[in-house]
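Some notes on the structure that comes next.
The values are calculated or read from the model by the stated rules, or taken from the named source; none is laboratory data. Please read these numbers as outputs of a predicted model, since none were measured by experiment. Neighbour counts are summed over all protein chains in view; Cβ atoms, including those assigned to glycine, are modelled from backbone coordinates with ideal geometry.
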Amino acid sequence: MAKLLDKQRYKCALGAMQTVQAIDRALPILHSGPGCAQKLSENTGSSGYFSPNIFPCTSINEKDVVFGGVKKLDSTIENALKVIDADLYIVLTGCIPEIVGDDSGEVVSRYEDAEKPVLYAPTAGFKGNNFKGHEQVVDAIVEQYLKKSDEKIEGLVNIWADVPYQDLFWLGNIRELEKLISELGLIPNTIFGYKRGIENINKIPKAQFNLLVSPWVGLGNMKKMERKLGIPYLHYPTLPIGATETSKFLRAVGEFAGVDKDKVEAVISEHEDYYYYLIGRYADLFLENRVINKQFTVVADAQYSLGITKFLVNDLGLVPAKQFITDDTPKYYRDKIAEEFKKLNFGIEADVSFETDGYKIHEEIKTHDYHGYPLVLGGYYEKEVTESLKGNFLNVSWPHQDKVVFDDFYVGYTGGIRLIEDIYTVAVQRFN
Amino acid sequence: MAYKIAIGSSDGKIVDLKFGEVNKFLIYEVGDEVVLSEEREYIPGEAEDNSADSCSSSSCDTKSCGGNGGGCQGPGNVAGKVELISDCRAVVCKKIGFQAQKQFEKKAISVFDVECEVKEALDKITFYYKRIDNHESLRG
Ligand code: SF4
């Protein structure tokens, strides 16, 4: 039976236009109704080059439903190539053309010999959400554009993380991951954000390996690249936030890449020294147990739910109440991710629920005994319910209304400190 | 439920007339079968007089643009023609101007500006309506 979904935390697969937008000088061409793009755009920054308002769109209507929209798609691509200066064009299809059976792939294939690459990613909303749409875009690049390379660059690592724009901290996070990887003596390669773009896409096949930092988003892409391009991958499921996890992360990457152990340890201790120096300076704040809440709940996509839970338990010694994953994680990944929530320090295990219905999540938060005021890190939807419980709230996941982020990040040692700052900034306000 | 489709075609085979060029709409009635039920002639001037369209001021001399088709898409001409087939569910012509599209939209009449065979147009449109009237998916 059809059911209502309250406060969903994702968009339809066509939301992948944000993934395309995150690639420098890449342009989405939308084969969809005019309303689709409009309702998917949001104010978390544009690409810095194209405004989403100029994304070419076939704006298909009833006529195209009945007679097919391929002609319009063809002319839209043709004209986009003429008037918009991009390095890469990716055609994204919405529901309508896919339902009525437009062969968009065939139309796009007519542009194989165009001066700039024109690719096609099927992203109809009925096929899934924007996490899935993101994977479709990367798949399109791998399948339709990249070719296997015999030439390899020693130490080159492609880094993949979660979904740009859906993750408010995507830009800062990926830059920080790059930085950490290069400290190990490796050469990071990413395709999202400032000055990356097509040149870095071209480098993908030459990498020594792919590094995926995400519980599940992108795993399919890694497998595809392994098959097609012969690139092995390291899947690190936890977004490393804070010292405990980041040190583990660096060791795992170091081992996989064959980096000298001493070198890895040297990098780690330099970071840890500074990290614990900062923590030590604020020991009074941490030991004053009235300041921070005893138990916490994270309501977020899998990456933040897992990453923040590990951080708050392992680094800050807080106790997890129930955690919620709201990204509609595909069923076959769930057990493995739930396992990760059991691998916490001090023998602690966290209970996690894969729940997309905001109403149910809020009911559970309301009825749980937090042994005091709750600490809730979640989407803006959780603000009101947390306030009604007199708890502390921090907006870390979509939807973001409470925070403007340019290139701030939560990943790594520095990211952990940033998250502590944010949490305690909220917590101390109780005493003002 | 039966409904009508108005088509702009000079020979009954190809949708070859622009909306402005149509003097005689072929009206197809769609019930259990699709039949050509009438040829409805457009007589300039007549329809305008009894249509309460937005262009009723004297400054708009409908006669001047009401000639024999000829592509004039002025509001008077358009309103009359729209009124003439306002009992139809859809109109099919080779091209239909913006003015006319808007007018049809207001009356919830679907506009299909396509160049194809009359038969193809009828097949596709009736297939589409059949599916949506029965709440069936358009897939496949
Ligand atoms: S679900 Fe389909 S119709 Fe709705 S916005 Fe997404 S692509 Fe468009």
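Looking at the stretch B:75-134, what helices (runs of 4 or more DSSP H) fall wholly within it and have at least 3 residues that are facing chain A (nearest Cβ under 10 Å)?
Of the helices (runs of 4 or more DSSP H) lying wholly inside the stretch B:75-134, those with at least 3 residues that are facing chain A (nearest Cβ under 10 Å) span B:118-133.
State whether one or more residues within the stretch A:185-197 are within 24 Å of A:Val137 (Cβ to Cβ), out of contact with any strand residue (DSSP E or B) (no Cβ under 9 Å at 6 or more places or on another chain) and of a type in the set (Ser, Thr, Tyr).
yes
So which residues in the stretch A:78-94 are within 18 Å of A:Ile23 (Cβ to Cβ) and away from the ligand (no atom under 16 Å from the Cβ)?
Scanning the stretch A:78-94 gives A:Ala80, A:Leu81, A:Ile84, A:Asp85, A:Ala86, A:Asp87, A:Leu88, A:Tyr89.
Of the numbered conditions (1) over 19 Å from the mean Cα position of the chain (by Cα); (2) surrounded by 23 or more Cβ atoms within 10 Å (Cβ to Cβ); (3) closer than 23 Å to A:His271 by Cα, A:Pro240 fails exactly one; give the number of that condition.
Among (1) over 19 Å from the mean Cα position of the chain (by Cα); (2) surrounded by 23 or more Cβ atoms within 10 Å (Cβ to Cβ); (3) closer than 23 Å to A:His271 by Cα, the lone unmet condition for A:Pro240 is (1).
Restrict the check to the stretch A:230-243 and report whether at least one residue is under 26 Å from A:Lys116 (Cα atoms) and of a type outside the set (Phe, Trp, Tyr).
Among the residues of the stretch A:230-243, at least one is under 26 Å from A:Lys116 (Cα atoms) and of a type outside the set (Phe, Trp, Tyr), which makes the answer yes.
Looking for whichever is farther than 23 Å from A:Glu226 by Cα, modelled with pLDDT under 95 and of a type in the set (A, V, I, L, M) here; the options are A:Val100, A:Val91. Which one fits?
Details: A:Val91 fails: modelled with pLDDT under 95.
Among A:Val100, A:Val91, only A:Val100 is farther than 23 Å from A:Glu226 by Cα, modelled with pLDDT under 95 and of a type in the set (A, V, I, L, M).
Could you say whether any residue in the stretch A:38-56 is within 14 Å of chain B (Cβ to nearest Cβ) and either within 16 Å of the ligand (Cβ to nearest atom) or in contact with a His (Cβ under 9 Å, 6 or more places away or on another chain) (or both)?
No: zero hits.
Can we say A:Thr123 is β-branched (Val, Ile, Thr), crowded, with 17+ Cβ neighbours inside 10 Å, within 12 Å of the ligand (Cβ to nearest atom) and under 27 Å from A:Ala161 (Cα atoms)?
Yes: the conditions hold for A:Thr123.
Within the stretch A:102-110, is there a residue that is touching a helix residue (DSSP H, G or I) at 6+ places or on another chain (Cβ under 9 Å) and within 14 Å of another protein chain (Cβ to nearest Cβ)?
The answer is yes; a qualifying residue exists.
Within the stretch A:126-174, count every residue that is assigned by TED's automatic domain parsing to the domain that holds A:Asn189 and within 16 Å of the ligand (Cβ to nearest atom).
Summing the residues that are assigned by TED's automatic domain parsing to the domain that holds A:Asn189 and within 16 Å of the ligand (Cβ to nearest atom) in the stretch A:126-174 gives 3.
Examine the stretch A:68-78 for a residue that is farther than 26 Å from A:Asp139 by Cβ and within 14 Å of chain B (Cβ to nearest Cβ), and state whether such a residue exists.
In the first step, residues of the stretch A:68-78 are kept if they are farther than 26 Å from A:Asp139 by Cβ; the result is A:71, A:75.
Okay, now just the ones that are also within 14 Å of chain B (Cβ to nearest Cβ), so A:71.
Looking for residues that are farther than 26 Å from A:Asp139 by Cβ and within 14 Å of chain B (Cβ to nearest Cβ), one finds at least one in the stretch A:68-78, hence yes.
Might you let me know whether the stretch A:75-92 holds any residue that is within 26 Å of A:Thr356 (Cα to Cα) and not assigned by TED's automatic domain parsing to the domain that holds A:Ala161? Give the steps one after another, and end with the answer.
Step one: of the stretch A:75-92, the residues within 26 Å of A:Thr356 (Cα to Cα) are A:92.
From the residues that got through so far, the ones that are not assigned by TED's automatic domain parsing to the domain that holds A:Ala161 too are A:92.
Yes, the stretch A:75-92 contains at least one residue that is within 26 Å of A:Thr356 (Cα to Cα) and not assigned by TED's automatic domain parsing to the domain that holds A:Ala161.
List pairs: first in the stretch A:10-21 and under 22 Å from A:Tyr381 (Cα atoms), second more than 8 Å from the ligand (Cβ to nearest atom) and charged (D, E, K, R), Cβ under 7 Å, 6+ apart or cross-chain?
The qualifying pairs are A:Tyr10/A:Asp327; A:Tyr10/A:Asp328; A:Ala13/A:Lys127; A:Ala13/A:Lys132.
Mind checking which residues of the stretch A:262-288 are surrounded by 11 or more Cβ atoms within 10 Å (Cβ to Cβ) and farther than 23 Å from A:Ile420 by Cα?
Within the stretch A:262-288, A:Lys263, A:Val264, A:Glu265, A:Ala266 qualify.
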